[in-house]
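Here's the structure we're looking at; comments come further down.
The values are calculated or read from the model by the stated rules, or taken from the named source; none is laboratory data. Computed from a predicted structure; not experimentally measured. In this analysis, Cβ positions are derived from the backbone assuming ideal geometry, glycine residues included, and neighbour counts consider all displayed protein chains.
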Amino acid sequence: MTTEARTFPPRPLRGVKAAYIRQGGCPSFVAIAEADFEPWAQGVEFEVADTSTVPGWSADEVSELHEAFGSGVREELAELDPGTTVAVAVVLRSIKVHEVDSNSLAFRHAGRLAVRNALVEAYGPPPRPRRDRT
């Protein structure tokens, strides 16, 4: 990232999508989510919009997926550069699940990916390392 002081997010970032899909045998992992990142008080506030029902999944199972997504968001934000102040409310707007391959680990990864996607939307892609052509 960068070493200059900044606050994340610099502006509302709505509809940030994250799709974590890994299918290379058993087990496979599928988690698709959409979240909003809103400027807030310092720290991380995580909320879930009304995505509490998923056909074929119990409320407890869906809640576990929500919590895993939130954990992934917090983990990724904790790893930001020290010069970045985190002041964000993250609202999980929607999730999509696969009847077999969706699980809490997949949603934890999707949470981390959502933060990365929000950072790119807010600040652009990270600079690429330059190759030394000697």
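Ala110: touching a Pro at 6+ places or on another chain (Cβ under 8 Å) and hydrophobic (A, V, I, L, M, F, W, C), yes or no? Show your work before the answer.
Details: touching a Pro at 6+ places or on another chain (Cβ under 8 Å): no; hydrophobic (A, V, I, L, M, F, W, C): yes.
When the stated conditions are applied, Ala110 does not pass them.
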Subset of the range 97-111 that is out of contact with any Asp or Glu (no Cβ under 9 Å at 6 or more places or on another chain) and of a type in the set (D, E, K, R) - its residue that is surrounded by the fewest Cβ atoms within 10 Å (Cβ to Cβ):
Glu99
Residue pairs meeting the criteria (Cβ under 6 Å; at least 6 apart or on separate chains; first among the β-branched types (Val, Ile, Thr), in the range 46-59; second modelled with pLDDT of 90 or more and not in a loop (DSSP other than H, G, I, E, B)):
Val48/His66; Val48/Leu92; Thr51/Ser94; Thr51/Ile95; Val54/Val62
Looking at Val100 and the list (1) among the β-branched types (Val, Ile, Thr); (2) in a loop (DSSP other than H, G, I, E, B); (3) modelled with pLDDT of 95 or more, which single condition is not satisfied?
(3)
